[in-house]
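Undergrad: Could you have a look at this structure, given as structure tokens, before my questions?
Coordinate-derived values only; no laboratory data. On a predicted model such as this, the values are computed, not experimentally measured, just so you know. Neighbour counts run over all protein chains shown; Cβ positions are idealised from the backbone, glycine included.
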Amino acid sequence: MASYTHDSQFVPRRVVTFVIAAGVQIALFVIFETGLASRVMNIVAPPIQTDIVQEVQKRDQPPPPPPPKMERPPVEVPPPDVTINLPAETNTSAITVVKTPKPRVYAPAPVHHAVRIGARLDAQHSPSTDDYYPPTSRRLEETGTTLVGVCSSPEGRVAGTPKVERSSGSARLDEAAVRWASHARFFPATDDGKPVAGCTQFKVTFKLTG
């Protein structure tokens, strides 16, 4: 048969715990009922005051100025160091002779003067004047000298018709002199040795011989 041992201290502990719990509840009830709790809270933590700040919209005001532009300061490049070496000045009392070059004198280019030679009668290759002596003038013993002007080609031949420049006083002799000059030969005129056309004058004389 089992035995049961009774603890004499078990009952008082439970009673004490119950009493303490009941006392705490009663105290809390009294505090809330009497408003003591609210007073204690006001003392411990002051009431929070809230202020409502109403934003007043600013109207009809110019917009704020733009922020200032930040300009970069210019970068300054230091100038390079240039060293110029100059010869030292020497003080001297010597006289320095400065020679001024003489200007060159250029001789003018020689002026070329063309050498021109007029046409000349080639009597050796020309016919004899006796062949052109008018028979009537010969019979009348008529003589005279006619100055004839003739132009020749570069080949030495007569160019154009000869002209009487000065009459002999006889038309027959003048006409005979022109005919003879038309068949005469000439040395052509030259310009620096080059044959060119030219004109000349010469005398044609008719006289009786023998």
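Undergrad: Criterion first (without any contact (Cβ under 8 Å) to a residue 40 or more places away in the chain, more than 15 Å from LEU121 (Cα to Cα) and not polar (S, T, N, Q)) does ARG166 satisfy it?
TA: Spelling it out, ARG166 is indeed without any contact (Cβ under 8 Å) to a residue 40 or more places away in the chain, more than 15 Å from LEU121 (Cα to Cα) and not polar (S, T, N, Q).
Undergrad: I'd like to verify a number: residues in the stretch 182-210 that are of a type in the set (A, V, I, L, M, F, W, C) and surrounded by 17 or more Cβ atoms within 10 Å (Cβ to Cβ), how many?
TA: Final tally of qualifying residues: 7.
Undergrad: Then there is this: Return the residues of the stretch 124-156 that are surrounded by fewer than 12 Cβ atoms within 10 Å (Cβ to Cβ) and under 17 Å from CYS199 (Cα atoms); say none if nothing qualifies.
TA: Within the stretch 124-156, just GLU155 meets the criteria.
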